[in-house]
Amino acid sequence: MSPPFSKVLIANRGEIALRIARTCREMGIATAAVYSTADRDSQVVKYADEAIHIGPPPARSSYLYVPNVVEAALRSGAEAIHPGYGFLSEDPDFAQVCAENGITFIGPRPEVMECVGDKARVRSLMASAGLPVLPGTDGSVPTLADAEEIAERIGYPVVVKAVAGGGGRGIELARERGELKEVFRRTTALARQVFGNGEVYLERYVTGARHVEVQLLCDEHGSAVHLGERDCSLQRRNQKLVEEAPSPRLPARLRSKLGEYAVAGARALGYSGAGTMEFLVDPEGRITFMEINGRIQVEHPVTEMVTGLDLVKEQIRVAAGQPLGYGQSDVHISGAAIECRINAEDPSAGFRPTPGRLELFRPPGGPGTRIDSGFAQGDAIPPNYDSLVAKLIVWAPTREEAIQRALRGLGEFAVEGPGVATTIPLLRRLISHPAFHKGEHTTRFVDELMGEQP
């Protein structure tokens, strides 16, 4: 069978760019990588069939600069663009520009992306589709006075969220009325600066909740399946550190209900491609919808490990118009998988980024062990982008075995260089904690363990 595309341009960098390139090679698809000056010697540049320079180190002048990315695609002869995650992956305008230039965007249609990107709007749509949502606003909140009135009505604590937010940014907690003014100011300012849209909305905060998300695959022919759930509760200030599949201590009826909600939400959107529905599960087992991410997720490998599916391959097939070719009854979950995000950050210094040259980079191996990284020994971690160095993903027949395998892998992982610190010691501390072993951790666990306020 001939590949769905002859060439794909990868509009990203680091581990996700290399991960996409590997799947393309397996599918017989040629790849074009783009790179900034800072990434000239990166692993994906060496691996791809072709590499095109698109600008200086700042992302706004390279990876986020649409004219250069589209020009690179046209010059390379790429039929499609895979955006990975971050950067342009959830930009409906970019998807539209791709369509106007005869390039397939590997992701949802522009109009669906636009809806998904408006967190307040999609929240209302999900409520109409029968998904449970938290008490909050149906749209953006224009003024502090409005926010104060709404917060009094729904009850504190409340979360102020950026309408255009993503990646865990643009979310702040106000525990009482006295905190709301500063939280509202900070969130709107950050949203304006980071997302170009200062609008925010409010939701009641759920104490002691777990963050559980459901992986979706949908095609253009009306088929939609979920691939089970992932638990992402180990996070610091809304930034995920550890993810696992399936979610521990989740009753079968809740697991089934989460899948039903996710598929119903995707159908309401007319969604196609890979996507993730994110939910909160409170201590009483109540489920509430949070948001949908219309892209591949950083943590997608744990779903791949327990299902045996290559999600990037499925994205490419769907974008080419191919049907999924299987239904919900064909999806089977086997064993347990855990992903640890290894960042070049110093947890003891407020998670300060620690870029530098990797004089030693020795990943672990062994049974059920996968490493996704965009770096090799001798490479430099640039200061211009996120600090993710590698992802350690493990699989085992049981969760307890997966925990032990993750601890073994973290113990073997050697990352050293002048000034380079990593999150490996913290990850070992988190995964070996009794609360994690028992599956009792919540979204506040890491902040409480480190004595931090949200």
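Since every read-out is calculated from the coordinates, none of them should be taken as a lab result. Remember, it's a predicted structure, so these values are computed and weren't measured experimentally. Cβ: placed from backbone, ideal geometry, glycine included. Neighbour counts: every protein chain shown.
Given the peptides 16-23, 318-325, 112-119, arrange them by the average over their residues of other C-beta atoms within 10 Å, most packed first.
Most protected by this proxy first, the peptides run 16-23, 112-119, 318-325.
Tell me which aspartates and glutamates have Cα within less than 17 Å of LYS181's Cα, excluding those fewer than 8 residues away on the same chain?
ASP146, GLU148, GLU149, GLU152, GLU172, GLU199, GLU203
So what's the Cα pair-distance distribution over the range 210-449, bin width 10 Å, in %?
7, 31, 34, 21, 6, 0
Give, as a single signed number, the net charge of other residues whose beta carbon lies under 13 Å from the beta carbon of LEU254, with Lys and Arg counted +1 and Asp and Glu -1.
It works out to a net charge of +1.
Convex hull over the Cα atoms of the chain, averaged projected area in nm²?
Reported value for the Cα convex hull: 20.1 nm².
Highest mean first, how do 256-262, 56-62 rank when packing is the count of other Cβ atoms within 10 Å averaged over residues?
Details: 256-262: 19.3, 56-62: 15.7.
Answer by packing, highest mean first, reads 256-262, 56-62.
Using the Kirkwood radius over Cα pairs, work out the Stokes-Einstein diffusion coefficient for the range 192-351 at 20 °C and 1.002 mPa s, in µm²/s as a whole number.
128 µm²/s
What's the magnitude of the charge dipole for the chain around its Cα centre, counting Lys and Arg as +1 and Asp and Glu as -1 at the beta-carbon? Answer in Debye, nearest 20.
Roughly 580 debye, rounded to the nearest 20.
Which value, in debye to the nearest 20, describes the size of the charge dipole of the range 135-204 about its Cα centre when Lys and Arg Cβ atoms bear +1, Asp and Glu Cβ atoms bear -1, and nothing else is charged?
260 debye
Just to verify a number: FRET efficiency for ALA145 and THR207, C-beta to C-beta distance, R0 = 25 Å, to 0.05?
0.40
Counting Lys +1, Arg +1, Asp -1, Glu -1, what net charge surrounds GLU220 among other residues with beta carbon under 14 Å of its beta carbon?
The answer is 0.
Given only helices, namely DSSP H runs of n ≥ 4 each adding -39500 (n - 2.57), what is the per-residue ellipticity at 222 nm of the chain, to the nearest 500 deg cm²/dmol?
One gets -10000 deg cm²/dmol as the mean residue ellipticity at 222 nm.
When we measure straight from the Cα of LYS391, which aspartates and glutamates land under 15 angstrom away, once same-chain ones fewer than 8 places off are left out?
GLU15, GLU243, GLU244, GLU299, GLU304, GLU339, GLU345, ASP372, GLU412
I need the peptides 375-385, 237-247 ranked by packing, meaning the mean over residues of other C-beta atoms within 10 angstrom, with the highest value on top.
Working: 375-385: 16.9, 237-247: 22.5.
Sorting 375-385, 237-247 by mean packing, highest first, produces 237-247, 375-385.
Among the listed pairs LYS119/LYS161; LYS7/LYS313; LYS257/LYS313, which are separated by more than 20 Å between their Cα atoms? Intermediate results must be reported in sequence, preceding the final value.
Working: LYS119/LYS161 8 Å; LYS7/LYS313 14 Å; LYS257/LYS313 27 Å.
Checking Cα-Cα distances, LYS257/LYS313 exceed 20 Å.
If every alpha-carbon in the range 101-226 counts as one equal scatterer, what log10 I(q)/I(0) does Debye give at q = 0.18, 0.21 1/Å?
-1.02, -1.28
Please give the charge dipole size of the range 210-449, origin at the Cα centre, charges +1 on K and R Cβ atoms and -1 on D and E Cβ atoms. Round to the nearest 20 debye.
340 debye
Eigenvalues of the Cα gyration tensor times 5, then square-rooted: what semi-axes does that give for the range 7-106, in whole angstrom, largest first?
Working from the Cα gyration tensor, I get semi-axes of 17, 16, 12 Å.
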